[in-house]
Amino acid sequence: MEVAYYGGTFIDIDEKVIPIQERGHQFGDGVYEVIRVYNGKPFMLEEHLDRLEMSAKEILLNMPLTRDELKAITAEGLQKSGINEAEIYIQITRGIAPRNHIFPDVPAQFAMTIRQAKQFSSEKREDGVSVTLLEDERWANCFIKSLNLLPNVIAKQKAVTNGHDEAVLVRDGKVTEGSSSNVFAVKDGILYTTPATKKILHGITRAAVITCAQKLGISVVEKDMDVEFFLSADEAFFTSTSVEIMPITQIDDTVLPADRPLTNKLYEAYQALYQTVNK
Ligand code: PDD
């Protein structure tokens, strides 16, 4: 059963509960996290909560709940849902107050949903996906997991409208990340990814994949990739909590080689990681 939480209580996921003066609703004034649950247990929960607290601090928002309270609510929600392979969505906003750009002196609001995780067939993962390169039109603080996703949703929609699965964003001629994912390329046996600066979200999956690569003895280089380099990759993939590792088979008109030894190895290692941790 899908579960939702708002205003300090569990509610029906379809219940209409967000007040018109909610700042998340009126300004996108808040931060969020998406956490994958494998085998009934949240995966890399501490890392997600670290990032949530960091994002809140960066936007000068006081967390309405302690970490232990957050954990208790997610655990209760998971139990209520009975979903073993779930996706937890958590959002913190600056609360409910008459519309005014100045921060109100009201408590922050916590919202959560728990739904079945999207699962991709092995055929889909084998087929990989096509991406399109689009200008990165976002703000300067993409490391904050802010609710302001307008440029991201526009980029994703443009990609899908043009027959692709994801948009890979490009700023000043360099690949930054996907509209909702981080991006990797493999060239001559080396794994490349954009450095974790303010220009990208510091993906939890990205960090886990880098650790997997290092354990496998694969060299990892974090550097800005220009478009020519990305198009000439031997392999490319993107990562996120929901999609895990997804091979990129085509970048606009450029078809990448069908052989993807490192991507496959890394995906096996990533699966082994969550299977071991969430046994
Ligand atoms: N998005 N970059 C962006 C812009 C993202 O939105 C995401 C995740 C990532 C990958 O981060 P992580 O590995 O921590 O999930 C990178 C989530 C899944 C979303 O918005 O649904």
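The values are calculated or read from the model by the stated rules, or taken from the named source; none is laboratory data. Since the model is a prediction, treat every value here as computed from it, not as a measurement. So basically every Cβ, Gly included, is an ideal-geometry build from the backbone, and we count neighbours across all protein chains shown.
Here are some notes:
- Annotation note: Cβ proximity below 6 Å between a residue of the stretch 138-156 that is closer than 16 Å to Ala167 by Cα and a residue that is surrounded by fewer than 16 Cβ atoms within 10 Å (Cβ to Cβ) (sequence gap 6+ or interchain) occurs for Pro151/Glu137.
- Hits in the stretch 200-215 - residues which are under 20 Å from Ala140 (Cα atoms) and more than 6 Å from the ligand (Cβ to nearest atom): Ile200, His202
- Checking Thr176, Thr132 one by one, the residue that is more than 29 Å from Thr74 (Cα to Cα), at pLDDT 95 or above, touching a Cys at 6+ places or on another chain (Cβ under 9 Å) and outside any helix (DSSP H, G or I) is Thr176 and no other.
- Criterion: farther than 18 Å from Glu166 by Cβ, within 15 Å of the ligand (Cβ to nearest atom) and among the charged types (D, E, K, R) - qualifying residue of Glu244, Glu228, Glu222: Glu222
- One residue stands out among those in the stretch 211-232 that are of a type in the set (A, V, I, L, M) and either without any contact (Cβ under 8 Å) to a residue 12 or more places away in the chain or surrounded by 20 or more Cβ atoms within 10 Å (Cβ to Cβ) (or both): the one that is nearest to Glu87 (Cα to Cα), which is Ala213.
- Failed item, numbered, when Ser242 is tested on (1) buried (at least 18 other Cβ atoms within 10 Å of the Cβ); (2) in contact (Cβ under 8 Å) with a residue 60 or more places away in the chain: (1)
- For the stretch 14-64, filtered to residues that are charged (D, E, K, R) and part of a helix (DSSP H, G or I), the residue that is surrounded by the fewest Cβ atoms within 10 Å (Cβ to Cβ) is Glu46.
- Residue match in the stretch 137-150 (condition: part of a strand (DSSP E or B), closer than 30 Å to Ala236 by Cβ and not assigned by TED's automatic domain parsing to the domain that holds Leu266): no
- Flag for Ile88 being at pLDDT 95 or above, within 30 Å of Thr66 (Cα to Cα), within 16 Å of the ligand (Cβ to nearest atom) and within 15 Å of the chain's Cα centre (by Cα): yes
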